[in-house]
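Only one structure is covered here, and it is reproduced in the block below.
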Amino acid sequence: MNEPVTSETYAAQLRRLADLTARVREQRAEAHTWHERQCAAAQQAVADAAEQLQSAEEEFVAAREQQERVDAEVAHLWQQVRSRLGARRLGGPPAPATGVTATDPVPLLAKARDLLDRAGQPGELPGSVNPLLALCGVAGGVLAYALGAGARALGVGYGGDLAVGLPVLALVVTLLGPLVGLVPARVLADRRHAVLGPRPITVVLGAGLLTTALLLVLGR
C-alpha cells in the first residue's frame, strides 16, 4: 500500500515547484533579453551595412565623375601637345599606367598644364642666330640704300621739282634701312616661335646702321 503524503512532504513539493517555476521564469527572461539583444545587434549590423553600402555607392559615383573629368582634361592637354609641338602622328592620349600606386591626378594635371603653358610661351631667339640677325640688318641697309640711290637717280634724270624732292626722299629711305631689317628678323623669330627681344633688335639695328653708314661713306 502507498504511504500517505504528509503535510511536510506536500509543502516541500510546493517549494520545489515554486523554485522550478522561478528558475524557468528567470531563464525565460534571460532568453528573451538575449533574443532582444541579438535582434538589436542584427538590426544595427544591417543599418551599418546599409550605410557603408550607400557611402561606397557615393564614393563610386564621385570617383567615376572624377575619372570622366580627368579623361576629358587628359584628352584636352594631349590635343594641345599635338597642336603646339606639331606631333600629329602621336595618335591618341596614352593609356593609364598599371601596377603603380594610385595618386591624386589633380596636382599632376595642374603640373602638366603649367608645363604646357611654359612650353607654349615664346622665348627669345638664341645667340646662335646672331649672324642671321646681322644679315637681316645688312640686307635692310643695302635694300634701303638701293632704293634711295634709285630715287636720287630718278631725280637727276627728270630734273625740276623731282630733282629737289627725290634726293630728300632717298635720304629718308636710306636712313630707314636699319628698320627695314627688322621685317625679315621678325619672320625668323616667328618661325622659331620666339620673340624679337632687345638683344636681337640691337643686333639687327647695329648691323643695319653700320651698313648704312658704310654705304653712305662709300657713295660720296
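Every read-out reported here was derived from the displayed coordinates using simple, explicitly stated rules and does not represent laboratory data. Just so we're clear, the structure is a prediction, and the values are computed from it rather than from any experiment. All Cβ positions, glycine included, derive from the backbone under ideal geometry; neighbour counts span all protein chains shown.
The 3J(HN,Hα) values that the Karplus relation (6.51, -1.76, 1.60; θ = phi - 60°) gives for the stretch 39-46 are, in residue order, 5, 5, 5, 5, 5, 5, 5, 5 Hz. Gly and Pro appear as x. The distance between label points at LEU175 and VAL187 comes to 2.7 nm (points 7 Å beyond Cα on the Cα→Cβ vector). Applying the Karplus relation 6.51 cos²θ - 1.76 cosθ + 1.60 with θ = phi - 60° to the stretch 133-149 yields 3J(HN,Hα) values of 5, 5, 5, 4, x, 4, 4, x, x, 5, 4, 5, 5, 5, 5, x, 5 Hz, where x marks Gly and Pro.
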